[in-house]
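Structure record follows, encoded as structure tokens.
The values are calculated or read from the model by the stated rules, or taken from the named source; none is laboratory data. Small disclaimer: the values here were computed from a predicted structure and weren't measured. So basically every Cβ, Gly included, is an ideal-geometry build from the backbone, and we count neighbours across all protein chains shown. Ligands, DNA and RNA are excluded from the accessible area calculation, which covers all protein heavy atoms including side chains. Shrake-Rupley method; radii C 1.70, N 1.55, O 1.52, S 1.80 Å.
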Amino acid sequence: MFALLRCSIAGFAALCVLAACSPEGGSGPREGFASTDITGANYASGFHLTDHRGQARTLADYKGKVVTLFFGYTQCPDVCPTNLLNMAQVMRELGPDADRVQVLFITVDPERDTQELLAQYVPAFDSRFVGLYGDLATTQAVARDFKVFYQMQGDVQGGRYTVDHSTGTYVFDPQGRLRLYIKHGEKPAAIVADLKRLLAGK
């Protein structure tokens, strides 16, 4: 199970840690990796979504790069922008290696997160970042495959709501294999080291 955070100011202060912090199927940290090694996990197989430029995308489109994938939404007041700022710092610290890394952001709020809004929001953190979306059914299916929890809270009918959601980041190696799960709040230096190991074929 995942450590979950509510994407609201109050919820951000109250981290709700479940019984075990590794995703189901994970083997815990492997020597050399700061993140949880989930190599061989039988979930998070891929996606068929649309990017913020309107182009159909699958995981295979990014083969040859290390891919980091985070689920969130643009109106999240704390966790999502923190994650994206963190990954922007990671990209800066990677230097030239950043061109071999693709950061993906999948919205869990497709009713409000339009293509236009994603196009304004996601690349604002780094022009290389890509926002992805699908319809409600597709979003639910992708989240289920990635074992991602999300739930609307508040005025759902009126559109004034927050979304509770899983806060970790998945990492795929250049061959498109699921390899790591990065917990929310991991230091950029640790993420940089993990991504460099994957880029080196570890």
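What the table below lists for this structure:
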read-out	value
Residue satisfying all of: in the stretch 159-202; out of contact with any helix residue (DSSP H, G or I) (no Cβ under 8 Å at 6 or more places or on another chain) and of a type in the set (A, V, I, L, M); modelled with the lowest pLDDT among these	V163
Condition met for G154 (in contact with a Lys or Arg (Cβ under 7 Å, 6 or more places away or on another chain), among the small types (G, A, S) and either free of Cβ contacts under 8 Å to residues at least 12 places away in the same chain or not in a strand (DSSP E or B) (or both))	yes
Failed condition for S127, given (1) at pLDDT below 95; (2) surrounded by fewer than 14 Cβ atoms within 10 Å (Cβ to Cβ); (3) assigned to a loop (DSSP other than H, G, I, E, B)	(1)
Residues of the stretch 58-82 classified as open to solvent by 50 Å² or more (accessible area, probe 1.4 Å) and either outside any loop (DSSP other than H, G, I, E, B) or within 24 Å of A137 (Cβ to Cβ) (or both), total	4
Some residue of the stretch 137-150 being open to solvent by 50 Å² or more (accessible area, probe 1.4 Å) and among the acidic types (D, E)	no
Residue list for the stretch 83-124, restricted to those being open to solvent by 10 Å² or more (accessible area, probe 1.4 Å) and either touching a Pro at 6+ places or on another chain (Cβ under 9 Å) or closer than 18 Å to T162 by Cα (or both)	N83, N86, Q89, R92, E93, R100, P110, E111, R112, T114, L117, Y121
Flag for P77 being at pLDDT below 95 and in contact with a strand residue (DSSP E or B) (Cβ under 9 Å, 6 or more places away or on another chain)	yes
Conditions (1) farther than 15 Å from S45 by Cβ; (2) within 16 Å of the chain's Cα centre (by Cα); number of the one not met by R179	(1)
Scan of the stretch 31-57 for residues that are more than 19 Å from Q175 (Cα to Cα) and open to solvent by 60 Å² or more (accessible area, probe 1.4 Å), ordered by number	E31, R53, Q55, A56
